[in-house]
Amino acid sequence: MKHKKTLVSQFVLWDYFPISQSLIDFEKVKFNALKNYWGNYRQSDNINDWRHNYYNLSDDKNITWIIDYVRDSYNLISKNPLRPIQRNRSVVLSQNESLNTHNHIDPYNLEGSPIMSGVFTSQIGKNKVNLVIEYETGKLKSKKMRIAMETNKIILFNSELNHYYEVNNNKEPLINVCFSFSQ
């Protein structure tokens, strides 16, 4: 065989944001997410739409800097550079809340769907909460990867992967900044 064509490439990347080298005001990031959560500024009023459980984020340089960092870090290791899609959102889970399985693909607009999705954990309590990513590969069906969420942790994954947040067993809300990229 002389030629190889990768048909599907799925992966999950995670790292920590370098807070010591940053000018980002992380308290403003938290407040931005909470303000939109308290105001019930959902991305969709349709309860059957995955965006119903996501809240808008107001334009803010701190959030832009986080997303720019993620994009630039990924672009250093990839031949296919990413571009942010300006639909930044947040997930805020109060005590005993979770988020059901979903992905970020619009089946009626595949070309307009993002290729990569990301999560930046802004706040989490002492108890562990996982982001669970579901995948299958060849004969292996219904596989799950659990990634513990931690403050300042960034998780990047293919947008077509089903994922969900496990129950937040903390008194403090779990606050995530979520973003998407295209190529």
Q | Residues satisfying the stated conditions in segment 68-85, i.e. of a type in the set (A, V, I, L, M), surrounded by fewer than 19 Cβ atoms within 10 Å (Cβ to Cβ) and part of a loop (DSSP other than H, G, I, E, B) | A | none
Q.
For segment 159-183, give me each residue that is closer than 20 Å to Leu82 by Cβ, open to solvent by 10 Å² or more (accessible area, probe 1.4 Å) and part of a strand (DSSP E or B).
A. Ser182
Q. Filtering segment 103-149 down to residues that are touching a strand residue (DSSP E or B) at 6+ places or on another chain (Cβ under 9 Å) and among the small types (Gly, Ala, Ser), which residue is farthest from Arg87 (Cα to Cα)?
A. Ser142
Q. Which of the residues spanning segment 134-155 are assigned to a strand (DSSP E or B), modelled with pLDDT of 95 or more and hydrophobic (A, V, I, L, M, F, W, C)?
A. Ile147, Ala148, Ile154, Ile155
Q: Looking only at segment 23-37, decide whether some residue is open to solvent by 60 Å² or more (accessible area, probe 1.4 Å), at pLDDT 95 or above, aromatic (Phe, Trp, Tyr) and more than 17 Å from Leu156 (Cα to Cα).
A: yes
Q) Is it the case that segment 121-128 has a residue that's modelled with pLDDT of 95 or more, of a type in the set (Gly, Ala, Ser) and open to solvent by less than 10 Å² (accessible area, probe 1.4 Å)? A) yes
Q) Across segment 86-100, what is the number of residues that are assigned to a strand (DSSP E or B) and open to solvent by 70 Å² or more (accessible area, probe 1.4 Å)? A) 3
Q) Taking segment 33-50, which residues are among the small types (Gly, Ala, Ser) and assigned to a helix (DSSP H, G or I)? A) Ala33
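The values are calculated or read from the model by the stated rules, or taken from the named source; none is laboratory data. Just so you know, these numbers come straight off a predicted model, no measurement behind them. We place every Cβ from the backbone using ideal geometry, glycine too, and count neighbours over all the protein chains shown. For the accessible areas, the whole protein counts, side chains as well, though only heavy atoms, and no ligand, DNA or RNA atoms are used. Shrake-Rupley method; radii C 1.70, N 1.55, O 1.52, S 1.80 Å.
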